[in-house]
Amino acid sequence: MALSWRSWLANEGSKHLFLFFWLSLNVWLFGKTFLLYNQGLQYYYLHQMLGLGLCISRASASVLNLNCCLVLLPMCRVLLAFLRGSQKVASKKTRRLLDKSKTFHVTCGVTICIFSVLHVAAHLVNALNFSENYNEEFVTLNAANYRGEDPRKLLFATVPGLTGVIMVLVLFLMCTASTYAIRVSNYDIFWYTHNLFFVFYMLLMLHVSGGVLKYQTNLEEHPPGCFNPNKTLRQNLTVPKAFEELFPDYTTESFPEDPPVPEPFVQNSFMRVCSEEPKFQSHFPETWFWISGPLCLYCVERLYRYIRSNKPVTITSVISHPSNVLEVRMVKDDFEARPGQYVILHCPRVSALESHPFTLTMCPTDTKATFGVHLKVVGDWTERFRDLLLLHSNQDTEILPIFQQRRYPKLYVDGPFGSPFEESLNYEVSLCVAGGIGVTPFASVLNTLLDGWKCYKLRRLYFIWVCRDIESFRWFADLLCMLHNKLWQENRPDYINIQLYLSQTDGIQKIIGEKYQALNSRLLIGRPRWKLLFDDIAKCNRRKTIGVFCCGPNKISKILHKLSNSSNSYGTRFEYNKESFS
């Protein structure tokens, strides 16, 4: 399978180039800060005391500042949705780059973990050096109180040390709970531990305010390693024995020798003379500059989202579909959404803090204000939510008029937020592949086309839906049939190409119902032959750019991703997109 560099650049190239740039930026920042603390004269005495531990701790801290600053930006969902929908981001490639916000968030998180380990290791060495290299000449420069002080006191009895230890524990919980195994087995653990980020940032603000590491402020008056005549006189002064007996603390022992003189201050074979003792001062906490902006932006957005979603929606109907799928239709004042977007549902009676994202399967239009979601009942939250909605209903389907509806639990909707599937209508040709309940992002697109397709750029849609059981197709069978009939009436039967695949079956099956005959003729047994499918689409759409959209199992996603990067003899280019909730 030949690799198309043009397709690779469209699908993977931008991401790989960005990751390479990001890695290079972090390495450059680490090296730049390392050299500053290793060669900077203002850190000369501190470097003599701590050695490379100083350079590594400060260099890793600069990288942590950068990543702690930017890790919050991909989670500003309102901002991303605004950028995606605004006319200022007219480039399709730029909008597709916004789809990598989760990848960027994970990249920053991994970088924070790696450099946190380096930062902690360097400070453990620093604590030991502060204790062993205690210098009585520079009392203000020492973090320890005396030579040989237990380094554990610096870690657990000081504000920077104690907050650092707690931050390490918080970061460990967040990282371990973010693994794929825990997110799949128990999403609640991931959700609750990830919200400890606010505690992490508050501790970070306190951690950098300790002012443990200091720099010299009077380099002109006291160049490092200079000649101090007052100190020399004290070293050569002979103290009477009787005076020593009265003041035993005052001895005639000479002071420790000055550290080696740096080269810049050795000129013409003589040494500069000091006019005063060195003075040291703590840095202003630079971390505050790094994280205050993004943290305030994130807090303002969360406040805006809280105010926007503070009013509960009105549930108009609840429909129980086959294969444990529930459809909830609702209305909300001034709610607007685009096809492919998703919302976050919060039901206080199910969980006071927990909320979950669901793709819109029906968007409000100029003629109707109703919007809806389909959710698969697969976890504790969805099970409790289903039980509350169908508490008094013994029927599989319940659609009641608004004036007759029973009392549903309060439901709050936050959103809508952007997703890659908003771009499906912006290609001339789109290939949409769904696996099981992964059909939900495409349902809103199909509903939008049902209302009118001529106003969009899309002129041909390939819709592939793979399910394990025949009943799953009934979720949107009515929608597919209506769209198929509408396009036939408008003499555009080639506008949409529907292919339904039943992956598991004991025999020939069909979707029961007279009105589903159009779908039964498009129902195939087995799995799609993806390579032949891509070749056929490329042949029918020569020298065009086709948007590939997938929402389903990772196995299907990887196959489509690989095929999108492959070359073909027809000059057709495939651009791959995949659903990924932030």
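Looking at this structure, is Trp465 part of a loop (DSSP other than H, G, I, E, B) and at negative phi? Give the steps one after another, and end with the answer.
Working: part of a loop (DSSP other than H, G, I, E, B): no; at negative phi: yes.
When the stated conditions are applied, Trp465 does not pass them.
I'd like to check something: does region 92-104 contain any residue that is at pLDDT 85 or above and either open to solvent by 20 Å² or more (accessible area, probe 1.4 Å) or touching an Asp or Glu at 6+ places or on another chain (Cβ under 7 Å) (or both)?
So in region 92-104, the residues at pLDDT 85 or above come out as 104.
Still in the list and also either open to solvent by 20 Å² or more (accessible area, probe 1.4 Å) or touching an Asp or Glu at 6+ places or on another chain (Cβ under 7 Å) (or both): 104.
Yes: region 92-104 contains one or more residues that are at pLDDT 85 or above and either open to solvent by 20 Å² or more (accessible area, probe 1.4 Å) or touching an Asp or Glu at 6+ places or on another chain (Cβ under 7 Å) (or both).
When you check Val413 against the structure, is it crowded, with 19+ Cβ neighbours inside 10 Å, at pLDDT 85 or above and not assigned by the TED database to the domain that holds Asn541, yes or no?
Working: crowded, with 19+ Cβ neighbours inside 10 Å: yes; at pLDDT 85 or above: yes; not assigned by the TED database to the domain that holds Asn541: yes.
Criteria met by Val413.
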- Task: Could you list all residues from region 326-345 that are open to solvent by 10 Å² or more (accessible area, probe 1.4 Å) and under 21 Å from the mean Cα position of the chain (by Cα)?
- Result: Ile344
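Only one of Glu423, Glu471 is outside any loop (DSSP other than H, G, I, E, B), at pLDDT below 85 and over 25 Å from Lys100 (Cβ atoms). Can you tell me which? Spell out how you get there, then give the answer.
Numbers: Glu423 fails: over 25 Å from Lys100 (Cβ atoms).
On inspection, the qualifying residue turns out to be Glu471.
Kindly evaluate Phe115 against the criterion of being in contact with an Asp or Glu (Cβ under 9 Å, 6 or more places away or on another chain), crowded, with 20+ Cβ neighbours inside 10 Å and assigned by the TED database to the domain that holds Ser62.
Numbers: in contact with an Asp or Glu (Cβ under 9 Å, 6 or more places away or on another chain): no; crowded, with 20+ Cβ neighbours inside 10 Å: yes; assigned by the TED database to the domain that holds Ser62: yes.
Here the answer is no, as Phe115 does not meet what is asked.
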- Is there a residue in region 377-384 that is buried (at least 21 other Cβ atoms within 10 Å of the Cβ) and under 30 Å from Asp99 (Cα atoms)? no
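Please verify whether region 324-335 includes one or more residues that are over 19 Å from Phe82 (Cα atoms) and without any contact (Cβ under 8 Å) to a residue 40 or more places away in the chain.
yes
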- Would you point out the residue of region 564-575, among those that are among the polar types (S, T, N, Q) and in contact with a Phe, Trp or Tyr (Cβ under 8 Å, 6 or more places away or on another chain), that is surrounded by the most Cβ atoms within 10 Å (Cβ to Cβ)? Ser564
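Tally time: how many residues in region 294-306 are under 15 Å from Pro74 (Cβ atoms) and open to solvent by 20 Å² or more (accessible area, probe 1.4 Å)?
First, the residues of region 294-306 that are under 15 Å from Pro74 (Cβ atoms): 294-295, 297-298, 301-302.
This time we only want the ones that are open to solvent by 20 Å² or more (accessible area, probe 1.4 Å), so: 297-298, 302.
Matching residues across region 294-306 total 3.
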- Task: Any chance you could count how many residues in region 276-292 are more than 17 Å from the chain's Cα centre (by Cα) and assigned to a helix (DSSP H, G or I)?
- Result: 6
- Item | Residues that are over 23 Å from Thr33 (Cα atoms) and buried (at least 20 other Cβ atoms within 10 Å of the Cβ), drawn from region 118-143 | Ser131
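Would you check if Ala157 is out of contact with any helix residue (DSSP H, G or I) (no Cβ under 7 Å at 6 or more places or on another chain) and either in the same structural domain as Ser209 (by the TED database) or within 25 Å of Val71 (Cα to Cα) (or both)?
Working: out of contact with any helix residue (DSSP H, G or I) (no Cβ under 7 Å at 6 or more places or on another chain): yes; either in the same structural domain as Ser209 (by the TED database) or within 25 Å of Val71 (Cα to Cα) (or both): yes.
When the stated conditions are applied, Ala157 passes them.
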- Task: Could you list all residues from region 428-448 that are farther than 26 Å from Val378 by Cβ and either out of contact with any Phe, Trp or Tyr (no Cβ under 9 Å at 6 or more places or on another chain) or open to solvent by 10 Å² or more (accessible area, probe 1.4 Å) (or both)?
- Result: Glu428, Thr448
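Yes or no, residue by residue, for (1) open to solvent by less than 40 Å² (accessible area, probe 1.4 Å); (2) of a type in the set (Asp, Glu); (3) in contact (Cβ under 8 Å) with a residue 40 or more places away in the chain; (4) closer than 23 Å to Ser57 by Cα:
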| residue | (1), (2), (3), (4) |
| --- | --- |
| Leu169 | no, no, no, yes |
| Cys175 | no, no, yes, yes |
| Thr179 | no, no, no, no |
| Val184 | no, no, no, no |
| His194 | no, no, no, no |
| Gly211 | yes, no, yes, yes |
| Leu219 | no, no, yes, no |
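Residue-by-condition table, conditions (1) open to solvent by less than 20 Å² (accessible area, probe 1.4 Å); (2) within 20 Å of Thr440 (Cα to Cα); (3) out of contact with any His (no Cβ under 7 Å at 6 or more places or on another chain):
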{"residue": "Phe534", "(1), (2), (3)": "yes, no, yes"}
{"residue": "Phe549", "(1), (2), (3)": "yes, yes, yes"}
{"residue": "Ile556", "(1), (2), (3)": "no, yes, yes"}
{"residue": "Lys562", "(1), (2), (3)": "no, no, yes"}
{"residue": "Asn577", "(1), (2), (3)": "yes, yes, yes"}
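The values are calculated or read from the model by the stated rules, or taken from the named source; none is laboratory data. For clarity, every value in this text was computed on a predicted model and none was experimentally measured. For neighbour counting, all protein chains shown are included, and Cβ atoms are generated from backbone atoms with ideal geometry for every residue, glycine included. Side chains included, ligands, DNA and RNA excluded: accessible areas come from the protein's heavy atoms. Shrake-Rupley method; radii C 1.70, N 1.55, O 1.52, S 1.80 Å.
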